[in-house]
Protein chains: 2
Amino acid sequence: MLNESNLDQAFQALSDPARRNMLSRLSRGPASVSELAAPLRMSLPAVLQHLKSLEESGLVSTEKKGRVRTARLEGNAIAEAEQWLTDRRTEWEARADRLESFLATLQEKGE
Amino acid sequence: MLNESNLDQAFQALSDPARRNMLSRLSRGPASVSELAAPLRMSLPAVLQHLKSLEESGLVSTEKKGRVRTARLEGNAIAEAEQWLTDRRTEWEARADRLESFLATLQEKGE
């Protein structure tokens with residue numbers, strides 16, 4: 001479960017295009033650091049820095065076997081950040097719906 | 001439609017608890033700056049700074065009438081940030097499902 005401070009870190013991690021690129025890759029399955037780095041035009045230390053930020057946010061976990069570090073998406077953490085937005089959107093839509101039926105009632109009364 | 005740079009700003013805006021508090025309030029309907037500031041323990045300039053960051057991200061719009069600035073949620077922008085996460089999660093879940101049926105097939109063959 002992501003608490004407020006985890007949400008801070010998760011959304012912060014999501015605010016960078018290179019990190020979103022890495023998350024998109026990982027949503028299709030685990031990947032090594034070099035696989036994550038391949039499409040990105042940046043140095044390996046920069047890639048590792050982004051990966052560290054993703055790990056600290058809880059959106060990604062990594063495991064090292066021998067010389068290869070493998071990263072995988074933590075789907076549940078993604079789902080929790082998504083849920084925060086879903087809750088806001090549904091509340092906003094419910095209000096928009098109520099407003100619409102209220103205005104329709106006013107119009108009927110006016111006719 | 002949020003492009004990559006908009007997504008950067010939207011997720012950046014979401015990474016702060018005071019700004020998420022303001023978005024939660026606005027999901028229930030438009031609010032004045034003082035209504036937004038009421039539950040937050042911070043100076044008015046700090047609140048205005050957060051509101052500016054929300055406006056620049058596209059998640060919120062504001063309108064000034066007389067001396068009152070009213071903010072409202074841009075539900076479609078919230079929905080687009082949500083959609084980015086939904087796409088990643090569903091891709092991740094589809095892969096997890098495929099993996100599960102593959103393992104089930106292996107097990108059947110082994111029996």
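For this structure, a couple of remarks:
- Of the criteria (1) at pLDDT 95 or above; (2) within 17 Å of B:Arg89 (Cβ to Cβ); (3) crowded, with 17+ Cβ neighbours inside 10 Å; (4) within 10 Å of another protein chain (Cβ to nearest Cβ), which one A:Arg72 fails: (3)
- In region B:6-15, the condition of being farther than 25 Å from A:Val60 by Cβ, out of contact with any Cys (no Cβ under 8 Å at 6 or more places or on another chain) and more than 10 Å from chain A (Cβ to nearest Cβ) is met by no residue.
- Residues that are buried (at least 17 other Cβ atoms within 10 Å of the Cβ) and more than 13 Å from A:Ser24 (Cα to Cα) within region B:77-111 comprise B:Ala77, B:Ile78, B:Ala79, B:Glu80, B:Ala81, B:Glu82, listed in sequence order.
- Residue match in region A:71-81 (condition: of a type outside the set (A, V, I, L, M) and over 23 Å from A:Asn21 (Cα atoms)): no
- Test: residue in region A:41-56 that is surrounded by 11 or more Cβ atoms within 10 Å (Cβ to Cβ), under 11 Å from the mean Cα position of the chain (by Cα) and modelled with pLDDT of 95 or more: yes
- When region B:15-32 is filtered for residues that are surrounded by 15 or more Cβ atoms within 10 Å (Cβ to Cβ) and farther than 13 Å from B:Leu73 by Cα, the ones remaining, listed by number, are B:Ser15, B:Asp16, B:Ala18.
- Filter pass, B:Leu85 being touching a residue at least 60 places away in the same chain (Cβ under 8 Å) and closer than 19 Å to A:Asn21 by Cβ: no
The values are calculated or read from the model by the stated rules, or taken from the named source; none is laboratory data. Every value quoted in this text rests on a predicted model; they were computed, and no experiment measured them. Cβ coordinates were reconstructed from backbone atoms using ideal geometry, including for glycine residues, and neighbour counts include every protein chain displayed.
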